[in-house]
1. Do the conditions hold for ARG68, that is, is it over 21 Å from ARG110 (Cα atoms) and either open to solvent by 70 Å² or more (accessible area, probe 1.4 Å) or in a helix (DSSP H, G or I) (or both)?
2. Restricting to segment 97-113, give me the number of residues that are open to solvent by less than 60 Å² (accessible area, probe 1.4 Å) and farther than 30 Å from ARG19 by Cβ.
3. Hey, can you tell me all the residues within segment 39-93 that are small (Gly, Ala, Ser) and closer than 29 Å to ALA10 by Cα?
4. In segment 30-62, how many residues are open to solvent by 40 Å² or more (accessible area, probe 1.4 Å), touching a Cys at 6+ places or on another chain (Cβ under 8 Å) and under 14 Å from LEU6 (Cα atoms)?
5. Taking segment 9-27 only, how many residues are among the polar types (S, T, N, Q) and open to solvent by 90 Å² or more (accessible area, probe 1.4 Å)?
6. Can you name the number of the only condition in (1) closer than 19 Å to PHE31 by Cα; (2) open to solvent by 60 Å² or more (accessible area, probe 1.4 Å) that ALA94 fails?
Amino acid sequence: MHEITLCQHAMEIMQQQARQHRAKRITAVWFEVGAFSCVEAESLRFCFDMVCRDTLAEGCELHLTEQRALSWCYDCQADVELLIPQVLVCPHCAGRNLRVQADDGLQIKRLEIE
């Protein structure tokens, strides 16, 4: 389960930003989960709650956006959304000549502090 490690790294960044802005607490955070990240949203939520305990982010509201698995198919010459992100096959033409446009990581998009 790599979600705990992702949450720990995100918490380090969040607390660093909060301290730089002299915040008393972190009230909300918005994460964008890459379509190819292999992150499970429920596991991430569970780990995030654990990592927030006894920090500036205790009780922090977590907002998750899951990215769509977008790619460009050179065979079809079209933007396509992959049906199964781990299978790089065009859903229109079954071609495998794709350029992946979606991310494979986790990004902090917004941080709300007091």
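The values are calculated or read from the model by the stated rules, or taken from the named source; none is laboratory data. Model, not experiment: these values are computed from the prediction. FYI the Cβ positions are ideal-geometry reconstructions off the backbone, even for glycines, and counts take in every protein chain you see. Only protein heavy atoms, including side chains, enter the accessible area calculation; ligands, DNA and RNA are left aside. Shrake-Rupley method; radii C 1.70, N 1.55, O 1.52, S 1.80 Å.
1. no
2. Final tally of qualifying residues: 2.
3. ALA41, SER43, ALA57, GLY59, ALA69, SER71
4. Final tally of qualifying residues: 1.
5. Number satisfying all stated conditions: 2.
6. Of (1) closer than 19 Å to PHE31 by Cα; (2) open to solvent by 60 Å² or more (accessible area, probe 1.4 Å), only one is false for ALA94: (1).
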